[in-house]
Amino acid sequence: MAMELSDANLQTLTEYLKKTLDPDPTIRRPAEKFLESVEGNQNYPLLLLTLLEKSQDNVIKVCASVTFKNYIKRNWRIVEDEPNKICEADRVAIKANIVHLMLSSPEQIQKQLSDAISIIGREDFPQKWPDLLTEMVNRFQSGDFHVINGVLRTAHSLFKRYRHEFKSNELWTEIKLVLDAFALPLTNLFKATIELCSTHANDASALRILFSSLILISKLFYSLNFQDLPEFFEDNMETWMNNFHTLLTLDNKLLQTDDEEEAGLLELLKSQICDNAALYAQKYDEEFQRYLPRFVTAIWNLLVTTGQEVKYDLLVSNAIQFLASVCERPHYKNLFEDQNTLTSICEKVIVPNMEFRAADEEAFEDNSEEYIRRDLEGSDIDTRRRAACDLVRGLCKFFEGPVTGIFSGYVNSMLQEYAKNPSVNWKHKDAAIYLVTSLASKAQTQKHGITQANELVNLTEFFVNHILPDLKSANVNEFPVLKADGIKYIMIFRNQVPKEHLLVSIPLLINHLQAESIVVHTYAAHALERLFTMRGPNNATLTQANLTLITICLKQYVYP
């Protein structure tokens, strides 16, 4: 059934959209039900698009754009053996109008329509929507950065799937088509935008728009180069890499933000450039070789001059990940060989980024679930600590001896600081435990913990001298972070620490089930579960101990 594109229908639709915003469910729900009942009618999506173009009421415009996007999300895909939910005439009309509409809408609506284009593009591009790219690329000429950023945002959401799709001829054909239409205009836009940044170097609002464009352009560069090195980008590497290098070293006071938590445009751009450089260093090292030393220098300078504030976390972790990906490749070994370089990396990059900060302490106490997820389940991919830990592992690939030597000195001095005044200096010990863990862990699985350890680190001695004393202390609520560290140490190195020590740990872990700290008692339960399910040739005694202890546990905690 078709709904006419009439003023009456537009009026009706406006009334119902208004009602869907009503907090009263007796008004809101019937309106939502009505819209669901008519969304199968021909022209329904075109009425929504007409409304968001012509309505005088901004709230209705935004509401229509969100409703349209959700409609596309639910209905656009054609499922085999099921009826087509959108008639062909509507599909053609939507594709003919949506790009223009998206680019001429205010940002809030632009984002919704951009998402809708990406959903349609995933299904129809390139076969059923061959002119999408041409239409988008033509808008680069407009010189209007509101329009340009709309195109870039849409292109980013269309192309970012290239980062995780499996190689196939179909995918490669599509990427080639995109590169043929998009790579040159994108490169020209990149150069033009950088020139505009110098022209408008003193205009904060212009710079904000231009830097938003540069971030999107850098993300597109990553997506288009991810599967393979395209010939076009290889031929134009000079342009891209020289400009990326310039942007990495750029600092404009107008782009600095006072916010300590939220990354600003400058940080987001530099983070993405670190990712782009790491991609080239890892995948295309021969072609990238001559640019690499200056990126290492620029990223190194970035790391030693960037503060500890949370807003720099993504930048710092991406910068460290870049060094980590470079240092373990044979090609670049010579850049790190010098003892002074190694000492400098350890002292200026690794140690400062392993420190437990106020933000970590806050998460430990007030957001324990998130803390546990990051620390224990490995969702800490963007944290400074995780990146520093990866860098230690990377450096140990070729320089295990010297790196272990340098860090042993740090670990000892941190532990001495802690011993002088534990209640003030407990963070030094936390960093020492983290360093030892990073140094010793070569290979790891969820099931067995560490399966391969650095022979140069005496894990048992460290356990007896520095982990056990914390867990034996009478007060299970004192120094909760160190308690959690100690329990995690047992969990990780359960296959390296001799069995008799694990047996000593079990009653201590049981005590910690009563700790007030959510992190501590969760870790204790987790560690016990890991120890009880250990498999190995000599676990008979451990199993015997398990039975006794499980009985004690049940008596003490479950049936007190």
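On the stretch given as region 141-162, residues that are under 16 Å from Gln110 (Cα atoms) and either without any contact (Cβ under 8 Å) to a residue 24 or more places away in the chain or among the hydrophobic types (A, V, I, L, M, F, W, C) (or both) total 8. For region 154-192, taking the residues that are more than 13 Å from Phe125 (Cα to Cα), at pLDDT below 95 and over 24 Å from the mean Cα position of the chain (by Cα), the one that is surrounded by the fewest Cβ atoms within 10 Å (Cβ to Cβ) is identified as Asn169.
Contact map, region 64-93: residues that are in contact (Cβ under 8 Å) with a residue 12 or more places away in the chain paired with residues that are surrounded by 14 or more Cβ atoms within 10 Å (Cβ to Cβ) and part of a loop (DSSP other than H, G, I, E, B), Cβ distance under 6 Å, separation 6+ or inter-chain. Pairs shown: Tyr71/Glu39; Asn75/Lys85; Asn75/Ile86.
Report yes if some residue within region 286-296 is farther than 24 Å from Asp251 by Cβ and open to solvent by less than 20 Å² (accessible area, probe 1.4 Å); otherwise report no. Yes. Confirm whether Pro507 is within 17 Å of Ala440 (Cβ to Cβ), surrounded by fewer than 20 Cβ atoms within 10 Å (Cβ to Cβ) and over 29 Å from the mean Cα position of the chain (by Cα). Here the answer is no, as Pro507 does not meet what is asked. If only residues of region 239-255 that are touching a helix residue (DSSP H, G or I) at 6+ places or on another chain (Cβ under 7 Å) and of a type in the set (Ser, Thr, Tyr) are counted, the one that is farthest from Val296 (Cα to Cα) is Thr239. With respect to (1) crowded, with 18+ Cβ neighbours inside 10 Å; (2) under 26 Å from the mean Cα position of the chain (by Cα); (3) more than 22 Å from Met241 (Cβ to Cβ), the lone exception for Leu132 is condition (2). Cβ separations smaller than 6 Å between residues 6+ apart or across chains give the following pairs from region 307-328 residues that are open to solvent by 40 Å² or more (accessible area, probe 1.4 Å) to residues that are part of a helix (DSSP H, G or I) and among the basic types (Lys, Arg): Glu328/Lys397.
Residues that are surrounded by 18 or more Cβ atoms within 10 Å (Cβ to Cβ) and of a type outside the set (Val, Ile, Thr) within region 381-397 comprise Arg384, Arg385, Arg386, Ala387, Ala388, Cys389, Asp390, Leu391, Arg393, Gly394, Leu395, Cys396, listed in sequence order. Restricting attention to region 116-170, the residues being more than 22 Å from Arg91 (Cα to Cα) and among the acidic types (Asp, Glu) number 3. The residue pairs whose first member lies in region 268-289 and is among the β-branched types (Val, Ile, Thr), whose second member is not in a loop (DSSP other than H, G, I, E, B), and whose beta carbons are closer than 8 Å, counting only pairs six or more residues apart or on different chains, are Ile273/Ser218; Ile273/Phe244; Ile273/Leu247; Ile273/Leu248.
The values are calculated or read from the model by the stated rules, or taken from the named source; none is laboratory data. All figures in this text were calculated on a predicted structure; none of them were measured in a lab. Backbone-built Cβ (ideal geometry, glycine too); neighbour counts: all protein chains shown. Just so you know, the surface numbers come from the protein's heavy atoms only, side chains and all, with ligands and any DNA or RNA stripped out. Shrake-Rupley method; radii C 1.70, N 1.55, O 1.52, S 1.80 Å.
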